[in-house]
1. Output the residue which, of all residues in segment 261-280 that are at pLDDT below 90 and small (Gly, Ala, Ser), is surrounded by the fewest Cβ atoms within 10 Å (Cβ to Cβ).
2. Report yes if residue 112 is over 22 Å from residue 315 (Cβ atoms), outside any helix (DSSP H, G or I) and free of Cβ contacts under 8 Å to residues at least 40 places away in the same chain, otherwise no.
3. Just checking, does segment 169-188 include any residue being within 21 Å of the chain's Cα centre (by Cα) and free of Cβ contacts under 8 Å to residues at least 40 places away in the same chain?
4. Tally up the residues in segment 135-155 that are surrounded by 14 or more Cβ atoms within 10 Å (Cβ to Cβ) and either of a type in the set (D, E, K, R) or part of a loop (DSSP other than H, G, I, E, B) (or both), please.
5. Select from segment 424-445 the residues that are in contact (Cβ under 8 Å) with a residue 40 or more places away in the chain and surrounded by 17 or more Cβ atoms within 10 Å (Cβ to Cβ) and list them in ascending order.
6. Run residue 421 past the list (1) buried (at least 16 other Cβ atoms within 10 Å of the Cβ); (2) on the phi < 0 side of the Ramachandran plot and report the number of the one that doesn't hold.
7. Test residue 112 against the criterion of being touching a helix residue (DSSP H, G or I) at 6+ places or on another chain (Cβ under 8 Å) and more than 15 Å from residue 326 (Cα to Cα), and give yes or no.
8. Would you check if residue 360 is surrounded by 24 or more Cβ atoms within 10 Å (Cβ to Cβ), in a loop (DSSP other than H, G, I, E, B) and under 13 Å from the mean Cα position of the chain (by Cα)?
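The values are calculated or read from the model by the stated rules, or taken from the named source; none is laboratory data. Note that the structure is predicted; figures quoted are calculated from it, not measured. Virtual Cβ from ideal backbone geometry, glycine too; neighbours counted across all protein chains shown.
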Amino acid sequence: MQNYARTFVGNLALFMLLGAAGPILLVCGALGVADAGGGERGVPLAFLLAGLVFTLAIAVAAFRFTRKHFRVITDRDRVSTAFHCDDHTFVLWAPRARIPIQGGRLAVAEVREATFVSYGEDWEATYQEYGNDVDPDEPKPRIRLRLRVHPEGGEPFESTQTWRVPSLCLAAVTAGRLAAVVHPGVPEEFGIDWPRSALLSGVRTCGLLGLDGRYAALTGRPDLLLELWRITGAAGRITMDGDTIDLRCADPAVARRLQGLVERAAGGWPTPEPVPDERARWVVDLLAGEKGAFGGVDRRWARRGGHLIHGRLLQLRGTATFQYAGPVLETVLRLFPADGTRPIDVSKKLTVPMTYLALLHRTKQLVVRVGADGRSYEIDWERSALAAGVSPAVVIGPDGRQFDLTGRFDALLDIMRLLVTVRVSVPGTVLDLRDRRTATVAARVMDVVRADPGRNARLGFPAS
């Protein structure tokens, strides 16, 4: 676990090195005051005061930098979530993008193929601050997309272009559906509405609370979402503070039109149009960020009671700060204590790896390290990436058979917990139970592998 005192001392030393003029002035001024006579202390005293001010500024800057970028979550980060947050909620606020085409018509664009082009050629520092620029191009990876666009009332057409994809909307590419804005007179001219793409692709959850109090889930329903946007776009926007729009609080005329979507959602779920195999859109391996591993174990941390728990993302909100591995985001997390007590909701500004962001359509689950004190938490992005399916996860049994657990969060978390209990580090994506280090835990790991009946046939076990 990251230690606050050590982190602050390290940052203070770095800031002292970068601002060495302050301490130098302080020392020179102190020596000058000590050596000067009563009437000659004016200049040394000025040096002393200037050095003192600069040195204090260095300490304050190091303290603020440490507070801003300290990864560990503590009691002061706890929040009482203001909106409805069940275990299916996920709210994503992407930075407001430029309007692609004024007066354009919304349409679905299927991602037939995605190819990574480049990222970060112009980066000059670890962190980049963009002030009031809400949609900078520099921190966006460039991805070549082959799209099949379905304009309203027109014939589908294909287009291949290179796009700068906002990191918060990368999962819409791997999910396979984007929200296109088509020119009303020239359908082949279109842009991509990236924040709406996150909704359309099912990355962000969405639902309506009807006039009669019934809930209708729109997640994964591009037909209903497009109609929702067309109705609200024509009548004025409706604020979506959470993942649910309460029609009882909306304008009555608009609410009556949207009530029809509640009725249609209650009528059943038609089979969605298939999208190409995800392998055609798999750009995760070339994105910046954690690649995934079973994880290392700090023996002192594990011996004193450190352990792993399950966490879940409830909110992600974009900021104007970016790190090379991914954007710095305001997050709301739900932590599930290992003893089964009430979950904890916390708010923390974190750097979220782009490799993980690209798979938000699959999972919002996280692996969280708990400090030895039982009250401090840190997101383990390496383990979270493996559990999310960023990298293949393979277990080799004692008899040499291989079992693919890629993206199986619950099973992988159980196995990672077992490895922590025996204090065994596995830095890669392959857990080899033939290794003598894992001998004491091999049988229990195989019990976890066998425990999932849905995987038995695929893993080679007979059905129970």
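1. Going through the qualifying residues, I end up with 268.
2. Criteria not met by residue 112.
3. No: zero hits.
4. Of the residues in that region, 11 qualify.
5. Within segment 424-445, 424, 426, 429, 431, 442, 445 qualify.
6. (1)
7. yes
8. For residue 360, the condition - surrounded by 24 or more Cβ atoms within 10 Å (Cβ to Cβ), in a loop (DSSP other than H, G, I, E, B) and under 13 Å from the mean Cα position of the chain (by Cα) - is met.
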